[in-house]
Amino acid sequence: MDLIIQGLPSPLEKGVKKGTKPGGDEVLERPPSADAPFSALVFKTIADPFAGKLTIFRVFSGTIQPDLPLYNANKGTKERFGQLLLLEGKKQQPTETAGPGDIVAIAKLKDTSTGDTLCSANDSIIYKPTEPLPPVISYAVQAKVKGSEDKVFTSLAKLLEEDPTLKLERDQSTSEIVLSGTGQIHLETTCEKLQRKYGVEAKLNLVKVPYRETIKKPVNKVIYRHKKQTGGRGQFAEVHFDVSPLERGAGFEFDEALVGMNVPRNFVPAVEKGLTEALQSGILAGCPVVDLKVRFFDGKSHEVDSSEMAFKIAASMCLKKAIQDANPILLEPIVKMEVTVPEEVMGDVMGDLNGRRGRVLGMDTQGKYQVIKAQVPMAEVLQYALDLNSITGGRGTFHVEFSHYEEVPAQLADKVIAEAKEKE
C-alpha cells in the first residue's frame, strides 16, 4: 500500500498537466479539476475479436459523459460514442461519468489510436505520449498454412494497434515481411496471441541478409548477338557495350553513345529495360547488381527481324556476359551500432563485437554506462539482442541503423553463393 501511495499519486498531488496547442509549440496547462476543459490521453488499445477495438484512456482534466462528442486533437477529427466502460479484469462495467485520474474505455472509436489526445473541441490540447521502446530484434514472419497469408497480416495489423513496440514492415530488397519487437519472447508471445485470439498460425524465420553484387574491373567492347530463326518472322539484335564499375552507392548509370544509324533510336528504351531487368539478379548468388555503368555505343539491327523484344534479350545477355569477365564480387550491408553497457562488461562486449568482424569506432561515457560505437556486418548481428542479454545479464541496450555496403571476404562469399545455389 505504501508503494501505491508513493508510486501512484492522486491527480491532485501531481498538479497541472502540461501539453501543447495543436499545430504549434505554445505550452498549455490543465489543472486536475472536474470543472476544467476535458482532456485525456489514450495509453492503450485492445483489439477484441468480439467487442471490436477498445480504446483505454486516462482523464487528466474535466469530466466525460456518454453521448458527448469527443475531439481527437492529433487527427483533427470528432468521435462519437455511446457508452463509457470501466474495466474490471476481463469484465466491462458501464459508467455514467469519469473525472480527473479515472481510467476508462470506449469501444469502436474510428480514428483514435494509442498516443492520441482526446479533448473538448473548443479548447483543444495535445499531450506528449510515452515513447515506445525501440525494436531490437527482427524476424521474417510467414503464414504456417498456405493461403492464410491475408488473415495472418490483417490479424497482425490489429495486434500492432494494441502494441506500439511492435513494427511490421516489408523489406523491399528481400520481399520479406519483417516483424520487429523488443525481444525474442515478445515476438514469440505475439505469434501465440495470433493463434489464441484469431486462430491463425505464423512462424518466425531468420531475416534474409540483403546482399548485393557488383564488378571490380571495367570491360570494353562486349558484343552479344541475339539471333533466332524459326518459321515466319525471326528475331535479330546485336549490342556493343562498355561496362565499368562505379563508386559504392552510385547505383546504375546508362549512357547511350550511339553514332550512325546501325541501331534505330526507338530500340534504345528496350535496351535500357533489358539492362534494368538483368540487374535484378546477378550471376553469383542471384542478388541485385549495383554500382556499374553501361555505355551502349554500337550494335546492328535488321529491318524486318529486329524488334524491341530482341533488343531487350540481347541487352540482358550482353550484360551477364560482361559481368562474368569484370571480376564480379559480393557486397554485404554494414550496420552502425551504439551499444550501451555497464563498465564492468565493456571488455567482454568489445571482444564479442571484434569476433563478429566488427570495427569499434569509439566510446562515450553516459553516467555509469559506456556507449560503444561500432560498425558490424548485418549478417553477424541478426540475433544480437539475445547474445547481448547473456553477456550483460540483461543490462545492455543497443541501437542499429544501416551504414553502407562492403565487399564480403572471399571464404564467406563462397559460403553465401553455395547456399544460394542450393535454394535454386
(message) Here is a list: SER120, SER155, SER173. Which entry is more than 28 Å from PHE57 (Cα to Cα) and among the hydroxyl-bearing types (Ser, Thr, Tyr)?
(response) SER173
(message) Looking at segment 29-77 only, could you name the residues that are of a type in the set (D, E, K, R) and surrounded by fewer than 20 Cβ atoms within 10 Å (Cβ to Cβ)?
(response) GLU29, ASP35, LYS44, ASP48, LYS53, ARG58, ASP67, LYS75
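When you check GLU238 against the structure, is it surrounded by fewer than 18 Cβ atoms within 10 Å (Cβ to Cβ) and touching a helix residue (DSSP H, G or I) at 6+ places or on another chain (Cβ under 7 Å), yes or no? Can you show your working first?
Values: surrounded by fewer than 18 Cβ atoms within 10 Å (Cβ to Cβ): no; touching a helix residue (DSSP H, G or I) at 6+ places or on another chain (Cβ under 7 Å): yes.
For GLU238, the condition - surrounded by fewer than 18 Cβ atoms within 10 Å (Cβ to Cβ) and touching a helix residue (DSSP H, G or I) at 6+ places or on another chain (Cβ under 7 Å) - is not met.
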(message) Quick check on my filter: what residues within segment 320-330 are assigned to a strand (DSSP E or B) and either surrounded by fewer than 22 Cβ atoms within 10 Å (Cβ to Cβ) or not aliphatic (A, V, I, L, M) (or both)?
(response) PRO328, ILE329
(request) Run down LEU109, LEU68 and say which single residue is touching a strand residue (DSSP E or B) at 6+ places or on another chain (Cβ under 6 Å), part of a loop (DSSP other than H, G, I, E, B) and modelled with pLDDT under 90. (result) LEU109
(request) Consider GLU332 carefully, then state whether it is under 30 Å from LYS221 (Cα atoms) and either assigned by TED's automatic domain parsing to the domain that holds PHE296 or in contact (Cβ under 8 Å) with a residue 12 or more places away in the chain (or both). (result) yes
(request) State all residues of segment 78-105 that are within 26 Å of LEU28 (Cα to Cα) and either loosely packed, with under 14 Cβ neighbours inside 10 Å or without any contact (Cβ under 8 Å) to a residue 60 or more places away in the chain (or both); if no residue qualifies, say none. (result) LYS78, GLU79, ARG80, THR97, ALA98, ASP102, ILE103, VAL104, ALA105
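Among GLU303, GLU308, which is in the same structural domain as ASP255 (by TED's automatic domain parsing), without any contact (Cβ under 8 Å) to a residue 24 or more places away in the chain and surrounded by fewer than 19 Cβ atoms within 10 Å (Cβ to Cβ)? So that I can check it myself, show each step before the final result.
On the way: GLU308 fails: without any contact (Cβ under 8 Å) to a residue 24 or more places away in the chain.
Just a single option satisfies the conditions, and that option is GLU303.
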(message) Any residue at all in segment 331-338 that's over 23 Å from the mean Cα position of the chain (by Cα), surrounded by fewer than 20 Cβ atoms within 10 Å (Cβ to Cβ) and either modelled with pLDDT of 95 or more or not in a strand (DSSP E or B) (or both)?
(response) no
(request) Could you tell me which residue of segment 126-141 is surrounded by the most Cβ atoms within 10 Å (Cβ to Cβ), considering only residues that are at pLDDT 90 or above and out of contact with any helix residue (DSSP H, G or I) (no Cβ under 8 Å at 6 or more places or on another chain)? (result) TYR127
(request) Identify, by number, the condition in (1) closer than 24 Å to ILE215 by Cβ; (2) of a type in the set (D, E, K, R); (3) under 23 Å from the mean Cα position of the chain (by Cα) that GLU401 doesn't meet. (result) (1)
(message) Anything in segment 131-189 that is under 14 Å from the mean Cα position of the chain (by Cα) and part of a helix (DSSP H, G or I)? List them, or say none.
(response) LEU160
(request) Please enumerate the residues belonging to segment 215-246 that are among the aliphatic types (A, V, I, L, M), out of contact with any Gly (no Cβ under 6 Å at 6 or more places or on another chain) and assigned to a strand (DSSP E or B). (result) ILE215, VAL219, VAL222, ILE223, ALA237, VAL243
(message) Take the conditions of a type in the set (A, V, I, L, M), touching a residue at least 24 places away in the same chain (Cβ under 8 Å) and under 30 Å from PRO245 (Cα atoms) and apply them to VAL341. Does it pass?
(response) no
(request) For segment 1-42, name all the residues that are among the hydrophobic types (A, V, I, L, M, F, W, C), in contact with a Pro (Cβ under 7 Å, 6 or more places away or on another chain) and not in a loop (DSSP other than H, G, I, E, B). (result) LEU12, LEU41
(message) When you scan segment 256-266, do you find a residue that is more than 20 Å from VAL408 (Cα to Cα) and buried (at least 16 other Cβ atoms within 10 Å of the Cβ), even just one?
(response) yes
(message) Anything in segment 381-394 that is surrounded by 19 or more Cβ atoms within 10 Å (Cβ to Cβ) and not aliphatic (A, V, I, L, M)? List them, or say none.
(response) TYR384, THR392
(message) Please verify whether LYS193 is surrounded by 13 or more Cβ atoms within 10 Å (Cβ to Cβ) and either of a type in the set (A, V, I, L, M) or not assigned by TED's automatic domain parsing to the domain that holds VAL294 (or both), treating the condition exactly as stated.
(response) yes
(request) Please go through segment 395-409 and pick out each residue that is surrounded by fewer than 18 Cβ atoms within 10 Å (Cβ to Cβ), of a type outside the set (Ser, Thr, Tyr) and part of a strand (DSSP E or B). (result) HIS399, GLU401, PHE402, HIS404, GLU406, GLU407
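The values are calculated or read from the model by the stated rules, or taken from the named source; none is laboratory data. All values reported here derive from a predicted model rather than from experimental measurement. In this analysis, Cβ positions are derived from the backbone assuming ideal geometry, glycine residues included, and neighbour counts consider all displayed protein chains.
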